[in-house]
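Undergrad: Attaching a single structure in structure tokens format; questions to follow.
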Amino acid sequence: MKDLLGASPGLFFVVTVVMFGGAAWQTGQVLAQTWRPYWHMVAYGLMLAAADRLMLVLLFEGRLLAVTPYLTTLVVLVGFGSLAFRLTRVRKMVGQYPWIYERDGLLGWRERSGSDRP
């Protein structure tokens, strides 16, 4: 498990999921609120994953050039950021354009039918 995570499961949870996952969540929300394209989340996710790995290396004696833990961290952080991005974008589209769009499930929106429009 340590080869996959790059740290003990508890340490991975605290540093990656709680600390950097929260940062990725906030990043996804801010990007969606300011109408930035989704690919920015991937770019910021790459940087957040590098910062996470660096923190684990400097503070907890992890391995610096370990590809598998970096990719695991990247998937987790981009996943958190992507979920926050999508939830915020849906809320923003439905809230800002209620005469055009309506919510379609948790992660989507659709155009209102002709009879629903004012």
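Undergrad: With respect to residue 89, determine if the residue is modelled with pLDDT of 90 or more and among the charged types (D, E, K, R).
TA: Judged against the criteria, residue 89 is a match.
Undergrad: Restricting the search to the range 24-50, which residues are among the small types (Gly, Ala, Ser) and either surrounded by fewer than 15 Cβ atoms within 10 Å (Cβ to Cβ) or in a loop (DSSP other than H, G, I, E, B) (or both)?
TA: Across the range 24-50, the qualifying residues are 43, 50.
Undergrad: Residues 89, 103, 53: which one is among the charged types (D, E, K, R), touching a residue at least 40 places away in the same chain (Cβ under 8 Å) and touching a Phe, Trp or Tyr at 6+ places or on another chain (Cβ under 7 Å)?
TA: 53
Undergrad: For residue 94, all conditions in the list (1) touching a Phe, Trp or Tyr at 6+ places or on another chain (Cβ under 8 Å); (2) crowded, with 18+ Cβ neighbours inside 10 Å hold save one; what is the number of the exception?
TA: (2)
Undergrad: Follow-up question, since we're still on this one. When you scan the range 2-9, do you find a residue that is within 23 Å of residue 85 (Cβ to Cβ) and touching a Gly at 6+ places or on another chain (Cβ under 7 Å), even just one?
TA: no
Undergrad: Sticking with this one: Among the residues of the range 91-101, is there at least one that is assigned to a loop (DSSP other than H, G, I, E, B) and among the basic types (Lys, Arg)? Walk me through it before giving the result.
TA: Of all residues in the range 91-101, those assigned to a loop (DSSP other than H, G, I, E, B) come to 97-100.
Remaining after also requiring among the basic types (Lys, Arg): none.
No; the residues of the range 91-101 include none that is assigned to a loop (DSSP other than H, G, I, E, B) and among the basic types (Lys, Arg).
Undergrad: May I pose another question? Quick one: which residue in 98, 69, 118 is at pLDDT below 95, touching a Gly at 6+ places or on another chain (Cβ under 7 Å) and over 19 Å from residue 22 (Cβ atoms)?
TA: Details: 98 fails: touching a Gly at 6+ places or on another chain (Cβ under 7 Å); 118 fails: touching a Gly at 6+ places or on another chain (Cβ under 7 Å).
Exactly one of 98, 69, 118 is at pLDDT below 95, touching a Gly at 6+ places or on another chain (Cβ under 7 Å) and over 19 Å from residue 22 (Cβ atoms), namely 69.
Undergrad: Looking at 88, 72 in this structure, which one is of a type outside the set (A, V, I, L, M, F, W, C) and either under 30 Å from residue 8 (Cα atoms) or in a loop (DSSP other than H, G, I, E, B) (or both)?
TA: 72
Undergrad: So if I check each of 83, 77, which one is in contact with a Leu (Cβ under 6 Å, 6 or more places away or on another chain), of a type outside the set (Gly, Ala, Ser), part of a helix (DSSP H, G or I) and closer than 14 Å to residue 45 by Cβ?
TA: Unique residue meeting the criteria: 77.
The values are calculated or read from the model by the stated rules, or taken from the named source; none is laboratory data. Since the model is a prediction, treat every value here as computed from it, not as a measurement. Because the Cβ atoms are built from the backbone with ideal geometry, glycine has one as well, and the counts that use them run over all protein chains shown.
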